[in-house]
Structure formats: C-alpha cells, structure tokens
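Undergrad: Just passing along the structure, written as structure tokens.
The values are calculated or read from the model by the stated rules, or taken from the named source; none is laboratory data. Keep in mind that what you see is a predicted model, and the values were worked out from it rather than measured. Note that we place each Cβ from the backbone using ideal geometry, even for glycine, and neighbour counts take in every protein chain shown. In case anyone asks, the SASA skips ligands and DNA or RNA and just uses the protein heavy atoms, side chains included. Shrake-Rupley method; radii C 1.70, N 1.55, O 1.52, S 1.80 Å.
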Amino acid sequence: MSACSVEVDRNLCKGCGICVSVCPKNALELSPNIGPSGYRYPVLKGECIGCKTCTLYCPDFAITVVCDEGGGQG
Amino acid sequence: MRRLRKHFSRKYLREEVLPTPFCPGCFNGVVMNVMFKAFEELGVERLKGYVFVSGIGCSSWIPSPHIKADTIHTLHGRAVAVATGVKLAKPNLNVIVIGGDGDLAAIGFNHLVHAARRNMDLLVILVNNLVYGMTRGQASPTTPEGMRTVTTPYGAYEPVMDVAELIARTNANYVARWCVANFNQLKNSIKEALSKHSKGFRFIEVIAPCITYVVRYEGKTPGQKIKELMKVCRPNTETPYGRIGILKAEDKPGYLDRYFEYVKRATEGDKGE
Ligand code: SF4
Ligand code: SF4
C-alpha cells in the first residue's frame, strides 16, 4: 500500500504528460477520461514515494502530493 | 467534496487569471515553479518590494498577469530600459526583468548590453525558447544552426548569438546559463542572484525550447524533451545551446553604488574648497 498519493486540479491540468515523464518511480499515467478543460489528467498507477518531482515540474500548478505520515505537502 | 491542496506556486500567483494562456507543457510554467521555489527557500512568502518588468513575447506573460506583485508590461524590447528607470527612481525595490530571446536578445539587445555594461542593479532572466514563439516560430538570433523552423525549413543557416557569453564579456556581475531541466541549479542561481550576489547586473539564461514550434517539430512530447534536457544539460559542459553553468560571479560595485558615490563627490565638492 502506498503511503503517498497525488491530487490533480483538473481545471488547471492541460494533460501535457510532463509529470508522467519525470516521475522517478514511473507511478503516473494519463487517465483515459477527459477532465473539465478537455484534457486527460494524470492518475496514480504505481507506488508514489512522495518525492514531489511531478509538482516541481508541472507547468500548470495542477498536481500536488499528499503523504499519510509527516511531510508531504505541496 | 474536500478542497484540493494548493500547488506551492499558487501563493505567488494571481489565481483568478489561471489557467495560464501557455500551450500545454510550455516550459514557461516550469520556469515559474523554479523561481517561486527560490523565493520560498529564501523565506520570501509575499513578493512585497519586488517589481517584475517584461516586454512582449510568450515569456513576457510570466510576470503579467500572473505574478502577485507589482508588474509592468512594457513595449517590445524595452523592459530593461523601464526596469532601469524603476531601479533609479526607487533603489530599495528589487527589480526583476523576465523576457524571451526575441525581446531581450533581438529587438531589445541594445538596452540589455548597456545595462550590463553599466552593471545596473537588475536581475534579468532570459527565457530562451530558441524561436519567435508568439508570432508562430520564426528563427530568432538564438536559433541553433541547423534547427528547422517555419522560416528555415531546411535548417537555420545564420550563425547563432550566444547571449550569456556576450553578457559575460561585459561588466556584468553575475552570468549563468541553465536548461529548464536543471531545476536545482537554476533555482540556486536565482537564489544567489537575489542574496549573495544581489548587486549589479545579474543575468540568467534559461534554455526552454518552445513546446509548439521547436519540440513538436522535433516530433517529441514535452515529457520526452525535458528528459532529454536532463541528460544533455550537464553542468560545465558544452551543449547544443552553449556552455551550461555559472559563467561569471563577481561582486563589483553596482551602478547605484557608483552613482551615489558620484553624487556624494559632487555635493561635497560644492561645499568644500
Ligand atoms: S504536468 Fe501538470 S499539466 Fe501536465 S499532465 Fe501533469 S498535472 Fe497535468
Ligand atoms: S511524488 Fe514522486 S513518486 Fe509520487 S507521483 Fe510525483 S514524481 Fe512520482
């Protein structure tokens, strides 16, 4: 069970896939579903270690990381 | 439904204008994240005392309308000239110019090079997307030789202008060049230019290829390009975009130091002998 997960603001995400590409654990994929802005948004498919690389590189300020214990905001 | 967590950059943004007008995957957004992370690590929670000045072009949209601070969106190429005026009128403000290669290195290069010569107390961030992106991808002075653009379908044939090296040859105090994929190094450079080396002219070039008119023409996705740049842009090496790293870091007196010294000499001279 992964202790960390991601939250995506689907109104901001433009489905660019940068988060999917930079994730060191290859834990993300673009959902087959379309968000309210007409783009496919990322969803977790593997284990997230809470490194926040996706957050740092997301050009649309859309993806954040939440971890169960300690740290993990932002 | 529970409210979503906010991305760390959003405290520095005028949230009512989001989403940005940039293309999906545009590296301008990554440059914003790097800059905001630098501010966060410097303990700057609100951008009071900072003025952001930009001209015309895609990256000139980074400050205005997005950044929650004083912003001035000026004429094409004239951001450095306006920023110089702001700094001279209000020396206590931190003045930051953000612009692209078309704005700062083409039409506005005269202002850029003379502000550098004067060691004017400004931080200039050049977001080099390698083309004139806003007008649909024509070759610019920084287009690498051989690169295909809409105006150079057989590859760019003009010799490229290495802006960071040119500015490093002037009297500027601090010059660095990083790729948008060098997140930490770029962030540290911005921090240095706002703290340790906060005087004089500070110039940081960021290689951020236009997603639509460079990266898409290469047949790559934004994600593939950023991974490629992570491999190519190793510090202190030559790359197709020039030498990556800190090219210069000095602490000479800035323009304002010299100016106030001059004023002092002039006024004391009046009183004296
Ligand atoms: S990097 Fe950001 S905008 Fe791009 S797909 Fe991921 S969450 Fe969406
Ligand atoms: S926090 Fe790290 S491991 Fe988790 S999804 Fe983002 S990049 Fe991947």
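For every residue, the table says whether it meets (1) touching a Gly at 6+ places or on another chain (Cβ under 6 Å); (2) open to solvent by 50 Å² or more (accessible area, probe 1.4 Å); (3) within 11 Å of another protein chain (Cβ to nearest Cβ); (4) modelled with pLDDT under 95.
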residue: B:Met1; (1), (2), (3), (4): no, yes, no, yes
residue: B:Lys37; (1), (2), (3), (4): no, no, yes, no
residue: B:Leu42; (1), (2), (3), (4): no, yes, no, no
residue: B:Leu47; (1), (2), (3), (4): no, no, no, no
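Undergrad: May I ask you to list the residues in region B:130-149 that are out of contact with any strand residue (DSSP E or B) (no Cβ under 6 Å at 6 or more places or on another chain) and of a type outside the set (Ser, Thr, Tyr)?
TA: B:Leu130, B:Val131, B:Gly133, B:Met134, B:Arg136, B:Ala139, B:Pro141, B:Pro144, B:Glu145, B:Gly146, B:Met147, B:Arg148
Undergrad: Going by the structure shown, is B:Val232 closer than 27 Å to A:Lys14 by Cα and within 13 Å of another protein chain (Cβ to nearest Cβ)?
TA: When the stated conditions are applied, B:Val232 does not pass them.
Undergrad: If only one of A:Glu69, A:Glu29 is surrounded by fewer than 17 Cβ atoms within 10 Å (Cβ to Cβ), more than 9 Å from ligand 2 (Cβ to nearest atom) and at pLDDT 95 or above, which one is it?
TA: Working: A:Glu69 fails: at pLDDT 95 or above.
Of the residues listed, the single one that is surrounded by fewer than 17 Cβ atoms within 10 Å (Cβ to Cβ), more than 9 Å from ligand 2 (Cβ to nearest atom) and at pLDDT 95 or above is A:Glu29.
Undergrad: Give the residues of region A:5-19 that are within 13 Å of ligand 2 (Cβ to nearest atom) and either buried (at least 20 other Cβ atoms within 10 Å of the Cβ) or under 14 Å from B:Val30 (Cα atoms) (or both), sorted by residue number.
TA: Across region A:5-19, the qualifying residues are A:Val6, A:Val8, A:Gly17, A:Ile18, A:Cys19.
Undergrad: Go through (1) at the interface with another protein chain (Cβ under 10 Å from one of its Cβ atoms); (2) more than 9 Å from ligand 2 (Cβ to nearest atom); (3) under 11 Å from the mean Cα position of the chain (by Cα); (4) not basic (Lys, Arg) and name the single condition A:Pro59 misses.
TA: Here A:Pro59 clears every test but (3).
Undergrad: Which one of these does A:Gly46 not meet: (1) over 22 Å from B:Asn33 (Cα atoms); (2) more than 11 Å from ligand 2 (Cβ to nearest atom); (3) open to solvent by less than 40 Å² (accessible area, probe 1.4 Å); (4) not hydroxyl-bearing (Ser, Thr, Tyr)?
TA: Checking A:Gly46 against (1) over 22 Å from B:Asn33 (Cα atoms); (2) more than 11 Å from ligand 2 (Cβ to nearest atom); (3) open to solvent by less than 40 Å² (accessible area, probe 1.4 Å); (4) not hydroxyl-bearing (Ser, Thr, Tyr), the one that fails is (2).
Undergrad: Among the residues of region B:212-224, write down those that are closer than 24 Å to B:Thr152 by Cα, within 14 Å of chain A (Cβ to nearest Cβ) and touching a Ser or Thr at 6+ places or on another chain (Cβ under 9 Å). Walk me through how you get there before you give the answer.
TA: First pass over region B:212-224, keeping only residues closer than 24 Å to B:Thr152 by Cα: B:212-222, B:224.
Now restrict to residues that are within 14 Å of chain A (Cβ to nearest Cβ): B:212, B:215-216, B:220-222, B:224.
Selection gives B:Val215, B:Thr221, B:Pro222, B:Gln224.
Undergrad: Oh, and also: Does any residue of region B:219-241 turn out to be in contact (Cβ under 8 Å) with a residue 40 or more places away in the chain and within 16 Å of the chain's Cα centre (by Cα)?
TA: Yes - at least one qualifying residue is present in region B:219-241.
Undergrad: Hey, another quick one. Among the acidic types (Asp, Glu) and more than 12 Å from every other protein chain (Cβ to nearest Cβ), is that true of A:Glu29?
TA: Here the answer is no, as A:Glu29 does not meet what is asked.
Undergrad: Any chance region B:59-68 includes a residue that's open to solvent by 10 Å² or more (accessible area, probe 1.4 Å), more than 14 Å from chain A (Cβ to nearest Cβ) and more than 18 Å from B:Ile190 (Cα to Cα)?
TA: Yes, that holds for at least one residue.
Undergrad: Something else now. Does region B:78-118 hold any residues that are more than 22 Å from B:His66 (Cβ to Cβ) and crowded, with 24+ Cβ neighbours inside 10 Å, and which are they?
TA: Passing the criteria: B:Ala105, B:Leu112, B:Ala115, B:Ala116.
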